[in-house]
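Structure first, then comments.
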Amino acid sequence: MPLTVDIDVTLAKRKMSVGELAERVDITPANLAVLKNGRAKAVRFTTLAALCEALDYQPGDLLRWETADSAGA
């Protein structure tokens with residue numbers, strides 16, 4: 001899928017675990033892992049808003065569009 005959720009880098013920079021972020025966002029660690037690993041087919045706006053609030057981010061800080069050309073670069 002050309003849309004990527006950039007949570008790994010954020011968690012590493014902040015030395016935060018998936019469990020800690022999941023607790024702050026009020027979703028299960030398993031569901032957060034689905035987002036983090038690129039297996040999600042959809043994300044609710046409420047979840048996206050909660051992630052942005054917990055991380056003090058804008059949606060564009062978490063989501064990245066990759067075309068077929070940029071994915072191999």
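The set of residues in segment 2-21 being loosely packed, with under 10 Cβ neighbours inside 10 Å and assigned to a loop (DSSP other than H, G, I, E, B) consists of K15 alone. The condition (being without any contact (Cβ under 8 Å) to a residue 40 or more places away in the chain and exposed (fewer than 12 other Cβ atoms within 10 Å of the Cβ)) is satisfied by just one residue among R24, R44: R44. Mind checking whether some residue in segment 64-71 is open to solvent by 60 Å² or more (accessible area, probe 1.4 Å) and within 12 Å of the chain's Cα centre (by Cα)? Yes: segment 64-71 contains one or more residues that are open to solvent by 60 Å² or more (accessible area, probe 1.4 Å) and within 12 Å of the chain's Cα centre (by Cα).
The values are calculated or read from the model by the stated rules, or taken from the named source; none is laboratory data. Owing to the predicted nature of the structure, the values given are computational and were not obtained by experimental measurement. Note that we place each Cβ from the backbone using ideal geometry, even for glycine, and neighbour counts take in every protein chain shown. Each accessible area value is taken on the protein alone, full model and side chains, heavy atoms only, with ligands, DNA and RNA left out. Shrake-Rupley method; radii C 1.70, N 1.55, O 1.52, S 1.80 Å.
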